[in-house]
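Colleague: Sharing a structure, written as structure tokens. Questions coming.
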Amino acid sequence: MNCGELYNNNGGNFFMIAAVLEAPRRMDLREVEDPVCPEGGLLMKVEASSICSTDIKMYERGQRDLVYPRILGHEISGVVFEEDGAGLQVGDRVQIYPGVYCGSCPYCRRKTENLCEGIRIIGFNLDGGFAEYLSVPEQSVKNGSVNPIPDGLDFEEAALAEPLGCCINSQEMARVQDGDSVLIFGAGPAGLLHAMLARLRGASVVAAAETLDSRARLARSSADLVVNPDRDDLFYLGMDLTGGRGFDVIILASRDVPVASELFSLLAPRGRISLFSGLPPDLASASLDFNRLHYREHMIVGSYGCTPAQNRKALELISGGMDVRRLITERVSLRKIWRGMEHARGRRGLKAVVTDFG
Ligand SMILES: [Zn+2]
Ligand SMILES: [Zn+2]
């Protein structure tokens, strides 16, 4: 990672520090002009921005919705610094739903705003939270994407509402419910959020498949069974755990996933597979036995991001006692963001959060 020299030719304008992704594998820490408070919107002082595996993907090879150059960061909380008729007070603590959606297309009208035909996303094609200040457009304020942080929650916990919201989307799509057995591929931050959420939704059995021993260890307190599919017989252990039925829900929260035929052999009748993680192109195509889906009533569901309502629900769950704090294994300053990016990229611990923007 290339952390460029800071330059100080302020020339009367205000500058802030930001981590700018200029191109794949080129992230510069530099001064950029302060964003202005947009009409009807607000200017936020960022207090916490957590690093997501999508940020790593964007750093390494780009992403469908990413436009360069870009300040990344879409898991953001902070305080209102300036507002222009937004109906908020300077100093209010807020968490931002990063999708800026139109509110009127067929998908917005159905409350699936994450699929909005005209969506722009903070940290993807609008500048995000790896900076001292964030400009939040009027549309976000009007659409209810600026969420007050409940009392008792700190900025770090609030920033994790967005990734938890994405897990809620996946589990609503896959209809995780009371008594379900759930298998999660990947025990990274998203995998563990999924495990905690599945329990809250009433899952009776939660298993995780993880190839990294360090992560497998951290997953043991959240799952009934943690297997290493490189070493263990996942099929045998999974069938043993589910009384020979297979899992009601399988969630792919990792790029390390078996071929489709193996996944379906682990799935109970009426079972659902949630495609939570995007996969690299060489792993993304699969051949399917449609007759197997037909006879066993299997379902496959995709999920991408979350809706603003799911983001709000996530804040409520965290406020209600869901312990997301234990997922944070690294805190860095913006000036040392490369350390947080390496923490996430090397999959050494779990979640890294930028907490100091000075
Ligand atoms: Zn994310
Ligand atoms: Zn729309």
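Colleague: From the list GLU60, GLU113, pick out the single residue that is assigned by TED's automatic domain parsing to the domain that holds GLU156, away from ligand 2 (no atom under 15 Å from the Cβ), over 17 Å from LEU43 (Cα atoms) and touching a Pro at 6+ places or on another chain (Cβ under 8 Å).
Modeller: GLU60
Colleague: Filtering the stretch 106-122 down to residues that are surrounded by fewer than 16 Cβ atoms within 10 Å (Cβ to Cβ) and without any contact (Cβ under 8 Å) to a residue 60 or more places away in the chain, which residue is nearest to SER135 (Cα to Cα)?
Modeller: It comes out as GLY118.
Colleague: Also, I was wondering about something else. Which pairs turn up if I take residues in the stretch 339-358 that are outside the structural domain of ARG325 (by TED's automatic domain parsing) and surrounded by fewer than 17 Cβ atoms within 10 Å (Cβ to Cβ) and look for partners that are polar (S, T, N, Q) and not in a strand (DSSP E or B) with beta carbon separation below 8 Å, at least 6 apart in sequence or on another chain?
Modeller: Here the result reads none, with nothing in the stretch 339-358 linked to a residue that is polar (S, T, N, Q) and not in a strand (DSSP E or B).
Colleague: Just to check your reading of the model, which residue among GLU316, GLU330 is of a type in the set (Asp, Glu) and within 19 Å of MET27 (Cβ to Cβ)?
Modeller: The match here is GLU330.
Colleague: Same structure, new question: Identify, please: which residue in the stretch 216-248 is in a strand (DSSP E or B) and free of Cβ contacts under 8 Å to residues at least 60 places away in the same chain and is, among those, surrounded by the most Cβ atoms within 10 Å (Cβ to Cβ)?
Modeller: VAL226
Colleague: Examine the stretch 281-300 for a residue that is modelled with pLDDT of 95 or more and within 19 Å of the chain's Cα centre (by Cα), and state whether such a residue exists.
Modeller: Looking for residues that are modelled with pLDDT of 95 or more and within 19 Å of the chain's Cα centre (by Cα), one finds none in the stretch 281-300, hence no.
Colleague: Next up: List every residue pair whose Cβ atoms sit under 7 Å apart, with the two residues 6 or more apart in sequence or on different chains, where the first one lies in the stretch 276-298 and is not assigned by TED's automatic domain parsing to the domain that holds ASP256 and the second, anywhere, is at pLDDT 95 or above.
Modeller: none
Colleague: Mind checking whether some residue in the stretch 63-72 is free of Cβ contacts under 8 Å to residues at least 40 places away in the same chain and either surrounded by 15 or more Cβ atoms within 10 Å (Cβ to Cβ) or not in a loop (DSSP other than H, G, I, E, B) (or both)?
Modeller: Checked the stretch 63-72: no residue is free of Cβ contacts under 8 Å to residues at least 40 places away in the same chain and either surrounded by 15 or more Cβ atoms within 10 Å (Cβ to Cβ) or not in a loop (DSSP other than H, G, I, E, B) (or both).
Colleague: Residue under question is VAL227, and the condition is that it be out of contact with any Ser or Thr (no Cβ under 8 Å at 6 or more places or on another chain) and outside the structural domain of SER50 (by TED's automatic domain parsing); does it hold?
Modeller: The answer is yes for VAL227.
Colleague: Let me ask you something else. Considering each residue of the stretch 43-60, count those that are of a type in the set (Lys, Arg) and within 18 Å of the chain's Cα centre (by Cα), and give that number.
Modeller: Residues that pass the stated criteria total 1.
Colleague: Among the residues of the stretch 187-194, is there at least one that is of a type outside the set (S, T, N, Q) and in a loop (DSSP other than H, G, I, E, B)?
Modeller: Yes, the stretch 187-194 contains a residue that is of a type outside the set (S, T, N, Q) and in a loop (DSSP other than H, G, I, E, B).
The values are calculated or read from the model by the stated rules, or taken from the named source; none is laboratory data. It should be emphasised that the depicted structure is a prediction, and the values quoted were computed from it without experimental measurement. Please note: Cβ atoms are built from the backbone with ideal geometry, for glycine as well, and neighbour counts cover all protein chains shown.
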